[in-house]
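The values are calculated or read from the model by the stated rules, or taken from the named source; none is laboratory data. Because the structure is a prediction, the values reported are computed rather than measured. All Cβ positions, even for glycine, are placed from backbone atoms using ideal geometry, and neighbour counts span all protein chains on display. Surface accessibility is based on the protein's heavy atoms, side chains included, excluding ligands, DNA and RNA. Shrake-Rupley method; radii C 1.70, N 1.55, O 1.52, S 1.80 Å.
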Amino acid sequence: MRYKVSRWILDTVSGRLIGPDGEAHLRPQTFRLFQVLVEHAPELLSVDELIDRAWDVEHVSVGTFRQAVSELRQALGDSAAAPQIIATVPRRGYRLMVPVERVPPQDSSVQPADADLETSPKPTCPAPHTVSAPVLALAPTPEDDRSDLVVEPAPIQPFRQRTAAAVGLGAAAILAGFSLWLFVGTHAPGTKTTGAQATLHAQPSPPPELRPQASRLLREAEDLIARLDFETARGKLEAAGEMEPGNPLILDRLSQVYSHLGLDSLAAETARRAARHVSGAPWETARSAEARAAETRGDWTEAAELLQALWQRRPEEREYGLRLARAWIESGRTDAALDLIRRLRRDSGPHPSLDLLELHVLAATNDLDGAEALARRLVSGEDAAVTVPARLRLLTVLLRRGLMGEAERLVDELESADAQTNGLQPAELARSRAFLAERHGPADEGRNLYRRAETLFQVHGDRDALVSVLNRQALFLVQIGDRDEARRLLVRGIDAARRHGLERRLVVSLCLLAQIDATGPNPQQAWEPLREAQALIHGSQEPRRQILWHRSRGDVFLAVGDLDAAELEYEECLSLAERVEDGAGIAYSRLGLSAVHLRRGDLDAAYRNARAAVEVFARLGRTPDLLTARLQVADVEVARGRPRAAQAELVAVFDQATDLSLQVLGARAKDRLERLKNL
């Protein structure tokens, strides 16, 4: 059937929309949306009615629907501000504003002068009920692994529609032969079906009907999720779940909300429930639930494969792109994740979730300038759902840069703010307070705050944050002299990181454990955690993990007396740290090199490196590390025959350590002062 709509010809058979300037290329869902509006003109259709008639899937988010409307208006030269073709009736729906005329098949008088519907080339936009050639090009052969390729195929329509659209025995034979080749190639013994191949094999069954009230709650929750109002969305989804127990789509969305709220234990259990109920569910729902289950158990490789197949099939669904980007971040493919985030922003417009995810990537890749600039832009907004997480990320950047005064003011603002977006904020603030206390406050205060943060993260089930705070707390305990408790915390963190697949946290825990063991009674046992860490970072492009690993190896070589090997490791650590402007990495490398040169008797080099470490630690506000570096300066001054300079350093360290209740550092300074008197 062909229709004339204003200056446009809509051909529902060939799937083409032709105007005065030629054909407008629409995605199949957008084309189908316009077709529904045209076929029911001038009737007013609600959003629910349009979604039900235009999308042949179980559920479509309101955000996806709005994006399709925006694309349609853009193609027609229409606008929401001054509509001429598509009218929006607030809280009621949409309708066409222009007359619609049916065009007889042979009547060419109404066709645009430059458009011949019968003789023009094969359409590039497939009709809603046909299969387009680009879909077949997606399938990689078993020998051609294209899992890193992101493309935007035309979605595959349900099997009954594809069958109805097939024409000609030749085309059917080609398709059958190709499908048989795929089946043999991908289901032979010993082969694994990739996510893209699974897209081709999918034969979605008719979606189970949801009760109207449950469907309404689900759509309202989707809208709330798009606006980052996860707490309200949680209530609606839980209510929908009570009406439709075991529905995999509701469970999948509920797991998503639990994850955003930091309730990882609930998220994992709900994802497992969704995965158990996918039998007979539509392909998309089943794959999304399986991907969510993989995400919650930390299997980011499997999650990325499933999500890539989903996004290839539904490129207009921003949520799949966001989840794919996060899976790539967690699996170390940060460059690909950044490219995907920027592509999503280009294709679907700005969105707070994209900004927050990009902020996370910039901070994770040590682009502190970019992270700080983006965070400051986001915190200037008015939406608490965006400003609060942006402030927390800005706080992390400020702490890493050593801007302690501004960081403390920001913590005060967050603690006094009325907006509490989720239960994680108190835990994040407790960790930040502990970090500040570690630098400027009494040791007991820092210890208590770290324990509070640990408890809060454990209650909320945020495993990644829990392991992170265990690592940080262990490092702090080493600095104040509680080595045994620090080791116990690290072993606990290593067990949790292994169990839940938290590879990045596991590398940090292993390296810290190696550093502690290197200074213990048996330094040789430090090699075991380092070997495990090496296997994890093999091929990694994350410089911070490599910096920590080289520094830890340097500490072990220094402990066993291999000064040449220790120097090489510290030099490599310094080179990497300078390249990415990692201040702490630079300072620790300098401190290690100072120890190597002091043992060799190269006192000038030992002094230069120790003094450089002092300057960096002072700039970063890392008080315990600063005092440790000043002790190293004092040792070098004694070796250089300058006892008065050494005494001045030791007195300053003792006084500051006493003021901050850093008993171990104070005791070290006092012991050195006593020995200096004997000299």
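Going residue by residue through region 11-27, is there one that turns out to be within 32 Å of the chain's Cα centre (by Cα), closer than 30 Å to Leu224 by Cβ and either modelled with pLDDT under 80 or of a type in the set (Ser, Thr, Tyr) (or both)?
Of region 11-27, the ones within 32 Å of the chain's Cα centre (by Cα) are 26-27.
Narrowing further to those that are closer than 30 Å to Leu224 by Cβ: 26-27.
Narrowing further to those that are either modelled with pLDDT under 80 or of a type in the set (Ser, Thr, Tyr) (or both): 27.
So far as region 11-27 goes, yes, one or more of its residues are within 32 Å of the chain's Cα centre (by Cα), closer than 30 Å to Leu224 by Cβ and either modelled with pLDDT under 80 or of a type in the set (Ser, Thr, Tyr) (or both).
How many of the residues making up region 296-321 are within 21 Å of Pro352 (Cβ to Cβ), part of a helix (DSSP H, G or I) and open to solvent by less than 20 Å² (accessible area, probe 1.4 Å)?
Looking only at that region, the number is 4.
Does Arg544 meet the test of being in contact (Cβ under 8 Å) with a residue 12 or more places away in the chain and open to solvent by 80 Å² or more (accessible area, probe 1.4 Å)? First the steps, then the outcome.
Details: in contact (Cβ under 8 Å) with a residue 12 or more places away in the chain: yes; open to solvent by 80 Å² or more (accessible area, probe 1.4 Å): yes.
Answer is yes for this residue.
Give the residues of region 500-534 that are within 23 Å of Ala337 (Cβ to Cβ) and open to solvent by 80 Å² or more (accessible area, probe 1.4 Å), sorted by residue number.
Across region 500-534, the qualifying residue is only Glu503.
Identify, please: which residue in region 387-418 is among the hydrophobic types (A, V, I, L, M, F, W, C) and modelled with pLDDT under 75 and is, among those, nearest to the chain's Cα centre (by Cα)?
So in region 387-418, the residues among the hydrophobic types (A, V, I, L, M, F, W, C) come out as 388, 390, 392, 394-395, 397-399, 403-404, 407, 410-411, 414, 417.
Going one step further and asking which of them are modelled with pLDDT under 75, we end up with 388, 399, 403-404, 414, 417.
On the way: Val388: 17, Leu399: 21, Leu403: 26, Met404: 27, Leu414: 23, Ala417: 26 Å.
Among those that are among the hydrophobic types (A, V, I, L, M, F, W, C) and modelled with pLDDT under 75, it is Val388.
Say we look at region 457-490 and pick out the residues that are β-branched (Val, Ile, Thr) and farther than 12 Å from Val508 by Cα; which of these is modelled with the highest pLDDT? It would help to see each step written out before you state the result.
At the first step, the residues of region 457-490 found to be β-branched (Val, Ile, Thr) are 459, 467, 469, 478, 480.
If we keep only those that are farther than 12 Å from Val508 by Cα too, we end up with 459, 478, 480.
Working: Val459: 68, Val478: 81, Ile480: 73.
So, considering only residues that are β-branched (Val, Ile, Thr) and farther than 12 Å from Val508 by Cα, the one modelled with the highest pLDDT is Val478.
Report those helices (runs of 4 or more DSSP H) wholly inside region 183-277 carrying at least 2 residues which are buried (at least 17 other Cβ atoms within 10 Å of the Cβ), modelled with pLDDT of 80 or more and not aliphatic (A, V, I, L, M). Break it down stepwise before answering.
Details: elements: 195-201, 212-226, 230-243, 248-260, 264-276.
Hits in region 183-277: 212-226, 230-243, 248-260, 264-276.
Taking only region 510-559 into account, find how many residues are part of a helix (DSSP H, G or I) and hydroxyl-bearing (Ser, Thr, Tyr). First the steps, then the outcome.
Here is the first cut: in region 510-559, the residues part of a helix (DSSP H, G or I) are 510-518, 523-537, 543-559.
Filter again for hydroxyl-bearing (Ser, Thr, Tyr), leaving 552.
Total meeting the criteria: 1.
Can you tell which of Asp635, Asp659 is at pLDDT 90 or above and either out of contact with any Pro (no Cβ under 8 Å at 6 or more places or on another chain) or hydroxyl-bearing (Ser, Thr, Tyr) (or both)? Lay out the reasoning, then the answer.
Details: Asp659 fails: at pLDDT 90 or above.
Of Asp635, Asp659, the one residue that is at pLDDT 90 or above and either out of contact with any Pro (no Cβ under 8 Å at 6 or more places or on another chain) or hydroxyl-bearing (Ser, Thr, Tyr) (or both) is Asp635.
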